[in-house]
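Okay, so here's the structure we're looking at.
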Amino acid sequence: MRPRLTVRARLTLLYTGLFLAGGVALVAITYGVVAGFPYAKADDTGKPGGSQELLTMCRDYQSSPDTKLRYKCEVAYQEGKAAGAKDQRQATLDNLLRSSLLALGGVTVFAAAAGWFVAGRVLRPVKQITAAARAASEHNLDARVALTGPRDELRELADTFDAMLARLQAAFASQGRFIADAGHELRTPLTVMRTAVDVVLAKPDPTREELRDMGREVQAAVAQTERLIAALLTLARNQGGLTVREPVDLATVAEDALDSAGTDGVRRHALLDPAATVGDPVLLERLVVNLLENAARYNVPDGELWVVTGADDRTASVTVANRGPVVPADQVAALFEPFHRLNGRTADGGLGLGLTIVASIAEMHAGAVTAHPRPDGGLTVRVTLPLG
């Protein structure tokens, strides 16, 4: 298997290759410019070009009456000067090229060493990120890069990686709490069923009425278990993202939810203006049903609830409010956590997943959920979704 070059080696080769290409181009341009200069002209001393003997001979014949001889001597003298200038020019160009190539070779070696050093410095944050990634695991997500220095692309990458680890750590912690809470919730109805069965079977001759009571208790526990499992499955499906996208009017959804939701024992008030959005009609109806059932369950005797739909320039919304016990402002956010109930686990008969499912469905539809306690008791929950 052929060994692979490291990123540092490849960067060094890239730096060196670019420097060498630039140096070769500079030498070629310099050589061409110097080579394009005109020949140097000699003065009357015969420099450069021509021999001293030829110069002396021509001067001796300058006083000669033979014009033809003087002309030939002058021509030979000029040719000698041109040949000498050409030789000297070529020698200069050869020396320039040789010196330039030697200098380029030396500086290229220095550039390669400098490139290796600089590449190592530049890639040092990447090594830190790699070390943090290797140290991270499902049970240890505390490792962070915590890169310092200038806010360049590598600093941004390290900060993004740290933020990702923080999100994963929070997600794993939340998942662990959710599993523990789900196990506790499932254990409750199973305990009720087992207790009811054990009590009846412990009697030597249980009566028909006792058996009926046991059956009713088991039936109620099974129904609660089924509702809990259905809610957990809804949350699990929501993790997969939105698969159905259809035009939906929240006013129509709320009208249907009012007919199907368990809101007996409370007075309902509806103001249903058109609120068009896009999403899964079944999930959006489940969202509104959960809001209505929560508003009915956590209400005062002979209480009231209000449901309002509408739209503005950017969002469609559905708002559900009720009259119920006073909700402390610092506990509102916790109501959206799984299995969290304001009055304990079993005081109200709910599962503690209603608002969790609402928040999950809203998030799937790129929406948001806000909740505010009412001054006279109760809660106002508003869901906003993008316009359809």
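The table below lists the values:
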{"quantity": "Distance between modelled label sites at Arg382 and Asp142, nm, 7 Å Cα→Cβ extension", "calculated": "4.2"}
{"quantity": "Segment 246-386, relative contact order in percent, only Cα pairs under 8 angstrom and at least six apart counted", "calculated": "25"}
{"quantity": "Segment Asp330-Phe172, length gained on full extension (0.36 nm per residue, minus Cα span)", "calculated": "54.4 nm"}
{"quantity": "Segment 106-232 pair-distance distribution - Cα-Cα, 5 Å bins, rounded %", "calculated": "2, 9, 11, 10, 8, 7, 7, 6, 6, 6, 5, 5, 4, 4, 3, 2, 2, 1, 1, 1, 0, 0"}
{"quantity": "Two-decimal Rg to Rh for segment 246-386 - Kirkwood Rh, Cα set", "calculated": "0.94"}
{"quantity": "FRET E, pair His372, Leu233, Förster distance 25 Å, beta-carbon r, rounded to 0.05", "calculated": "0.25"}
{"quantity": "Fewest-first sequence of Leu20, Leu14, Leu292 by Cβ atoms within 10 Å of each Cβ", "calculated": "Leu14, Leu20, Leu292"}
{"quantity": "Globularity index of segment 170-238, i.e. its alpha-carbon radius of gyration over 2.2 N^0.38 Å", "calculated": "1.47"}
{"quantity": "Extension gain, Glu210 back to Glu337 (0.36 nm per residue minus Cα-Cα distance, nm)", "calculated": "41.8 nm"}
{"quantity": "Low-density loop cleavage sites - trypsin sites (Lys or Arg not before Pro) in segment 200-261, where at most 14 other Cβ are within 10 Å (DSSP)", "calculated": "Arg245"}
{"quantity": "Efficiency of FRET from Cβ geometry, Lys203 and Glu304, R₀ 35 Å, rounded to 0.05", "calculated": "0.15"}
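Only the coordinates and a few stated rules stand behind these numbers; no lab work does. Note that the structure is predicted; figures quoted are calculated from it, not measured. Because the Cβ atoms are built from the backbone with ideal geometry, glycine has one as well, and the counts that use them run over all protein chains shown.
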